[in-house]
Amino acid sequence: AAKQRNDGAVVYDPAMDKSSEKSLSLLTELRNAIERNEFRLHVQPKIMLDTGKVVGMESLVRWVHPERGNVFPDEFIPFAEQTGFIRVLTRWVMERSAELCHELASKGHHLKVSVNLSTRDLLDQDLPAKFADLLARHKLSPGSFCLEITESAIMDDPVRAQTTLERLSAMGVDLSIDDFGTGYSSLAYLKRLPVNELKIDKSFVLNMENDVGDSKIVRSTIDLGHNMGLRVVAEGIESEAVWRLLAKMGCDQGQGYFMSRPIPGDQLIGWLEKWQA
Ligand code: C2E
Ligand code: CA
Ligand code: CA
Ligand code: CA
């Protein structure tokens, strides 16, 4: 079920595996990957669009498979969610993110780290306790973390999601609605949930300087977010023109290939020094 993509990455599609035997072997491989240290933490900087100051980073996991090479998250996260392996992976990402955050802070870079949560994570009643333990062990304040949740993860079980999110929010961690505008969400939930940030999906941002429809959606989302007292972040900024346009529309923060692709965590310090120069 592996095929070569035009950018050289190998695509692994579990849906192509007809037999449950093969799915089982992917699950085994994922489990082994933790022990064999095949996951890598990449981070993408988050930037204030008015000043260019770096204020945060998003953790994005990579899997360096011994035979298949770089496997991208879209190719194994859905499978990890189906099987429940995602909880193990989320814990791994949280630990690495906390370590990196601590290390950066010790070198004078105080960045908020954003971690992606899945539906399964949200349904885990122990998540707030595990998170509190993580913060204590790494001597980090809750404010150094932002947890990103998609609309669909919330809508899966809105009542339970709300309970978990309220407990996390009460601890002082930031919560963000990821991929805003792509899922089936209800504005009523947006109003009720204790979120701090709204992230505009890159599908609306990538081509917004040429597409009037996209640009209207982006503008309205920024206004909606601000009217609800939320910070608004745009992802998928690939050009200076889009950065300028977003800044003019009052969008608070952004991330994208124009500033930096996701890079290995240990390369961030070097990148920050170049960015600030
Ligand atoms: P996401 O959370 O929406 O992450 C943003 C994705 O957009 C990342 O893809 C990032 O590399 C990509 N991106 C950033 N800037 C640009 C840009 O300027 N142009 C374009 N074309 N793309 C850009 P990535 O790293 O492949 O991750 C894909 C998805 O996999 C993520 O979407 C997220 O849903 C999931 N994912 C990644 N890491 C984790 C993780 O640790 N845990 C969980 N639960 N999900 C993860
Ligand atoms: Ca995200
Ligand atoms: Ca996103
Ligand atoms: Ca996405």
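All of the numbers you see were taken from the coordinates with simple rules; none came from a lab. Predicted model only: the values in this text are computed from it and were never measured. All Cβ positions, glycine included, derive from the backbone under ideal geometry; neighbour counts span all protein chains shown.
Size of the dipole of the range 63-130 about the Cα centre, Lys and Arg at +1 and Asp and Glu at -1 on the beta carbon, nothing else charged, in debye to 20? Let's see the in-between values first.
Numbers: 8 positive and 10 negative charges, 40 e Å.
Its charge dipole is roughly 180 debye.
Length available on full extension from LYS22 to LYS216: 0.36 nm per residue minus the Cα-Cα distance, which gives 65.3 nm.
Each of ASP133 and HIS110 was given a label point 7 Å from its Cα along the Cα-to-Cβ line. The distance between the two points is 2.9 nm. Charging the Cβ of each Asp and Glu at -1 and of each Lys and Arg at +1, and nothing else, the dipole of the chain about its Cα centre rounds to 440 debye. The share of C-alpha pairs in the chain whose separation exceeds 30 Å stands at 31 percent.
So if I place +1 on the C-beta of Lys and Arg and -1 on the C-beta of Asp and Glu, and nothing else carries charge, what would the dipole magnitude of the range 174-226 be about its Cα centre? I want it in debye, nearest 20.
I would put it at about 240 debye.
Legend: P(r) of the range 92-139 from all alpha carbon pair distances, 5 Å bins from 0, whole percents, reading 5, 19, 27, 25, 14, 6, 3, 0. When the charge dipole of the chain is built from unit charges on Cβ atoms (+1 for Lys and Arg, -1 for Asp and Glu) and taken about the Cα centre, the candidate among MET228, HIS102, ALA33 whose Cα reaches farthest toward its positive end is HIS102. Over the residues of the chain, the helix contribution to mean residue ellipticity at 222 nm works out to -13500 deg cm²/dmol, using -39500 (n - 2.57) for each DSSP H run of at least 4. Normalised by the number of residues in the range 126-209, the average gap of Cα pairs under 8 Å and 6 or more apart makes the relative contact order 30 percent. Our summary gives the range 188-277 a relative contact order of 27 percent, counting only alpha carbon pairs under 8 angstrom and 6 or more residues apart. Normalised by the number of residues in the chain, the mean separation of alpha-carbon contacts (under 8 Å, six or more apart) gives a relative contact order of 17 percent. Stretching LYS53 away from ARG261 to a fully extended chain increases their span by 73.2 nm, per 0.36 nm per residue minus the current alpha-carbon distance. Comparing TRP275, GLN253, VAL195 along the charge dipole axis of the chain, the residue lying farthest to the positive side is TRP275, per the Cβ-charge model. When both the range 197-231 and the range 154-192 are represented by their alpha-carbon centers, they are found 19 Å apart.
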